[in-house]
There are 2 protein chains.
Amino acid sequence: METRRTKQQQSIREVLAEAGRPMSVQEVFDAALTSVPTIGLSTVYRTIRRLAEQGEIAAVAVPGQPDRYELADVAATHHHHFHCTECDRVFDVRGCVGGLDRMLPPGFKLRGHELTLSGVCGGCAAR
Amino acid sequence: METRRTKQQQSIREVLAEAGRPMSVQEVFDAALTSVPTIGLSTVYRTIRRLAEQGEIAAVAVPGQPDRYELADVAATHHHHFHCTECDRVFDVRGCVGGLDRMLPPGFKLRGHELTLSGVCGGCAAR
DNA sequence: CCGCACAATGACAAGGATTCTCAATAACGG
DNA sequence: CCGTTATTGAGAATCCTTGTCATTGTGCGG
Ligand SMILES: [Zn+2]
Ligand SMILES: [Zn+2]
Ligand SMILES: [Zn+2]
Ligand SMILES: [Zn+2]
């Protein structure tokens, strides 16, 4: 089972790399269209799912909205997210918090955590 | 516009109140069926959406899965969540973390936050 | 270079979750 | 009780995501 390199996959990676923030499948699709006008939505879904399964990208959930995705090398630099309730965009924020183990009930095993701040982003606050 | 009290809505509230953890619409529906066997799935979606809009319940997002909901009075007692990657259930955990403002870029305004721990729950870990 | 094998694609069908529509029901004030 | 009308339940409709499959084109061997 070889793995072939295509312009579609390359485009999707570039979009995610240059975005600087987690993007939805639809957002990736729209952005990828400019560099590969014939790309299909199926391909974007397929590629993103595979990348996620392979751990190359990570999923970010926001209530009531489709998941967003970002490159794992960004995710590898441990960070968290900020959801602007005005424009619905999601931003990366650096830093973390400690002492999470102490929050767990006995018997539970901690493997990871996801912290999402919410409020108004710089752009929306300015207006 | 009066608001009428129905057994369906009462049942849904009871289910959420007695669950002790955030539940998906389907879970609420299944549970509500035992007390109101004729209840429709539409009614559960409708009621949960209205309760969420009115701020009586809060939504909890998990990547790749439908939102879960919990009563706001539970949510009001500030707490967070634990997602078991084995059984996919979501649990409430008490406690919080501080110093979140310091994580924000300049110009951003913090209104709230959501922290979701993940790992293996007590039940699954036992097996 | 050329051609083959088969991974990947794109268009569309299919599936699942959520919302919408509407006639029938039932809560509640009179 | 009665009438008004908020609410319900069933199904259609919509949105998001995955599956299917004939076609395309990558990567390798000749
Ligand atoms: Zn914004
Ligand atoms: Zn962290
Ligand atoms: Zn579990
Ligand atoms: Zn907190």
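The values are calculated or read from the model by the stated rules, or taken from the named source; none is laboratory data. Only a predicted model underlies this, so the values are computations on that prediction, with no experimental measurement involved. Neighbour counts run over all protein chains shown; Cβ positions are idealised from the backbone, glycine included. We work out accessible area using only protein heavy atoms, side chains counted, and drop any ligands, DNA or RNA first. Shrake-Rupley method; radii C 1.70, N 1.55, O 1.52, S 1.80 Å.
Data for the structure
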| item | result |
| --- | --- |
| Some residue of segment A:49-61 being within 13 Å of DNA strand C (Cβ to nearest atom) and among the aliphatic types (A, V, I, L, M) | yes |
| Some residue of segment B:20-34 being within 16 Å of DNA strand C (Cβ to nearest atom) and either modelled with pLDDT under 90 or polar (S, T, N, Q) (or both) | yes |
| Some residue of segment B:104-121 being away from ligand 1 (no atom under 16 Å from the Cβ), surrounded by fewer than 16 Cβ atoms within 10 Å (Cβ to Cβ) and on the phi < 0 side of the Ramachandran plot | no |
| Close pairs from segment A:1-30: first open to solvent by 60 Å² or more (accessible area, probe 1.4 Å), partner within 16 Å of ligand 2 (Cβ to nearest atom) and of a type in the set (F, W, Y), Cβ under 7 Å, at least 6 apart | none |
| Selection count where residues are open to solvent by less than 60 Å² (accessible area, probe 1.4 Å), at positive phi and more than 10 Å from every other protein chain (Cβ to nearest Cβ), scope segment B:50-103 | 1 |
